[in-house]
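K.L.:
Handing you a structure now.
The values are calculated or read from the model by the stated rules, or taken from the named source; none is laboratory data. Nothing here was measured: the structure is a model prediction, and the numbers come from that model. Quick reminder, even Gly has a Cβ in these numbers, built from the backbone with ideal geometry, and neighbours come from all protein chains shown. When the accessible area is computed, the model is the full protein with side chains, heavy atoms only, and any ligands, DNA or RNA have been set aside. Shrake-Rupley method; radii C 1.70, N 1.55, O 1.52, S 1.80 Å.
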Amino acid sequence: QMWEEAIALGKELAEQYENEMFDYEQLSELLRKQAQFYENIVKVIRPKPDYFAVGYYGQGFPTFIRNKVFIYRGKEYERREDFEARLLTQFPNAEKMKTTSPPGDDIKNSSGQYIQCFTVKPKLDLPSKFHRPVSEQIVSFYRVNEVQRFEYSRPVRRGEKNPDNEFANMWIERTIYVTAYKLPGILRWFEVKSVFMVEISPLENAIETMQLTNDKINNMVQQHLNDPNLPINPLSMLLNGIVDPAVMGGFTNYEKAFFTEKYMHEHPEDHDKIEKLKDLIAWQIPFLAEGIRIHGEKVTEALRPFHERMEACFRQLKDKVEKQYGARAVLSSLDDRRGSRPRSMVRSFTMPSSSRPLSVASVSSISSDSTPSRPGSDGFVLEPLLPKKMHSRSQDKLDKDDLDKDKKEKKKEKRNSKHQEIFDKEFKSTDISLQQSEAVILSETISPLRPQRPKSQVINVISSERRFSVSPSPPSSQVTPPPITPRAKLSFSIQSSLELNGMSSSDIPDVPPPLPLKGSMADYGNLMESQDLISPTTSPPAHQRVSP
């Protein structure tokens, strides 16, 4: 499911197909795969694996892992307990350490085996191409992939313990691990090359926690906007945990710890940070409002009382926050547009075949050529061509909003009408009477609707120009002609004998030679074809009545 990596490799391969090998068939297949990958990135929710820091301490381990720390990438939905059990099966004599702090020299120099394992959080490192805010579905991949920095936070109590508010003196001791290579790579684990530690003050920890909470609400709202079929339970738990003060206390603990005169007097340097925390609290209200709106649209009747209580708590919270910290507004139309963009794009590019505009290349090619090549037709089609207007009128119903396609259709109508005029002028001298039909219907087998030619016309045409033949110009063994109307005796005897012997019009003798004796099945096949050409009302010449 690392479609981002597949797209990068596909672009390299597409360059070869397009500019080096000129294999457009493979290129089209590759581009279709890439399109599916892009759609999967936006629509499919991928599981996020956990990362674990594992330290091997003691002289009992092999040298390549002795007293070293490695970062492992867990499997999908793998818990830390399962990972530890899998790890201890490789070292059955190892002892699991109970603490997460680095061990002392006594453990490192001991002859035993000690394994330390705990969960670390990957640190997001967005590529430089994301220079503007993008959808969470796109960013979520880089939260657990292509990561090289991992952090582990350990709370530390300092100063006097406050039983009423534990946030006032809770410091965070954060350890940063940097691996040799980015994960995942050729392996699912890499060695840690550098480790350093930073301390986070209680106020900075409150700002960070508030920012993460707002991002979590916003991301879940975007997911529900992108996919209305998502389950509502995670959204219910998230909103209720923030809105209902009886669950977690909300940000009231931050107000008691940092928004007091005593704290401002003791820490005047934190004035900007306090203002930032107030701003984050104010921005949480519009995010909660959007989430509760979506929850109200999707909630079932069984959960309706729960939703009404949550709305009542939110109204109280909103009045309090807007009175103390001001009101904030989120452009919901922007969020809707950003959330619904992938669906609209996919919808426009996956139209069913029944609603796509039909191709008019087949009709225009028939009318644009002076010698139409229609399957099963005679050398020159002496029936009226299909009117283009009837076809384009049905297309306009499909694409009535597309002005450019209308212009193209009109141009093709003019071009086809010119070819029709040229066609009519060329054959006007033959004075062929055409049978008018009320409607022309397209079908796969086109049969000519024309009357029998008079004998005078056939004689004149053959004697003067030998232009119009009874059989088509290609050999009869390749294209089987359709049933035709009866012909005169003179025209058939000359032409049929020519085509049965494979002679061209330039090799016509004055007196047709007699047919050779039939000696193979292929000749009998030709004889059968010639018998098919003979009409029941017209008897063939004597020299053609050859029995096998």
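K.L.:
What number comes out for the charge environment of residue 8, summing +1 per Lys or Arg and -1 per Asp or Glu over other residues with Cβ under 15 Å away? It would help to have the intermediate numbers written out before the result.
P.N.:
Details: positive: 11, 33, 129, 182; negative: 4, 5, 12, 15, 146.
The answer is -1.
K.L.:
Under a plain spin-label model, where a point goes 7 Å from the Cα along Cα-to-Cβ, how far apart in nm are residue 289 and residue 262?
P.N.:
Here the answer is 3.6 nm between the modelled labels.
K.L.:
Can you tally the net charge around residue 27? Count Lys and Arg as +1, Asp and Glu as -1, for every other residue whose Cβ sits under 13 Å from the Cβ of residue 27.
P.N.:
Details: positive: 11, 32, 33; negative: 12, 15, 18, 20, 23, 25, 29.
In short, -4.
K.L.:
Here is a further query. Tell me, what is the 1.4 Å probe accessible area of residue 293, in Å² to the nearest 10?
P.N.:
We get 100 Å² for residue 293.
K.L.:
Right, another one. How big, on average over all directions, is the shadow cast by the Cα convex hull of region 170-315, in nm²? Can you show the working numbers first?
P.N.:
Numbers: hull surface 50.0 nm².
Averaged projected area of region 170-315's Cα convex hull equals 12.5 nm².
K.L.:
Moving to a separate point now. From zero up to wherever the largest Cα-Cα distance of region 30-99 sits, split into 10 Å bins and tell me the percent of pairs in each.
P.N.:
16, 36, 20, 13, 13, 2
K.L.:
Based on a Kirkwood Rh over C-alpha pairs, give the Stokes-Einstein translational diffusion coefficient of region 3-43 at 37 °C and viscosity 0.692 mPa s in µm²/s. Provide the component values of the computation, followed by the final result.
P.N.:
Working: Rh = 10.3 Å.
D, rounded to a whole number, is 320 µm²/s.
K.L.:
Using a 1.4 Å probe on the protein heavy atoms, what percent of the accessible area of region 51-200 belongs to carbon and sulfur?
P.N.:
Values: 4530 of 8830 Å².
In region 51-200, the share of accessible area belonging to carbon and sulfur is 51 percent.
K.L.:
Right, next: Loop-only chymotrypsin sites (Phe, Trp or Tyr not before Pro) in region 162-243, please: DSSP not H, G, I, E or B, and at most 12 other Cβ atoms within 10 Å.
P.N.:
Working: sites: 167, 171, 177, 181, 189, 190, 196; in loops: 167.
Here no loop site has a sparse enough neighbourhood.
K.L.:
FRET efficiency for residue 209 and residue 29, Cβ-Cβ distance as r, R0 = 60 Å, nearest 0.05?
P.N.:
Details: r = 48 Å, r/R0 = 0.80.
Result of the calculation: an efficiency of 0.80.
K.L.:
Roughly how large, in nm² to one decimal, is the mean projection of the convex hull of the alpha-carbon atoms in region 51-200? Working shown, then result.
P.N.:
Numbers: hull surface 48.8 nm².
Hull-based average projected area comes out at 12.2 nm².
K.L.:
A further question on this structure: At q = 0.21 Å⁻¹, what is the base-10 log of I(q)/I(0) for region 168-239 according to the Debye formula with one equal point scatterer per Cα and no solvent? Please give it to two decimals.
P.N.:
-0.88
K.L.:
So how exposed is residue 79, as accessible area in Å² (1.4 Å probe, rounded to 10)?
P.N.:
140
K.L.:
Name all residues of region 91-108 having a backbone nitrogen under 17 Å from the label point set 7 Å from the Cα of residue 65 along its Cα→Cβ direction, giving them as ranges.
P.N.:
91-97, 108
K.L.:
Label residue 297 and residue 178 with points 7 Å out from Cα along Cα→Cβ: what is the distance between them in nm?
P.N.:
With each label point 7 Å from Cα toward Cβ, the separation is 4.6 nm.
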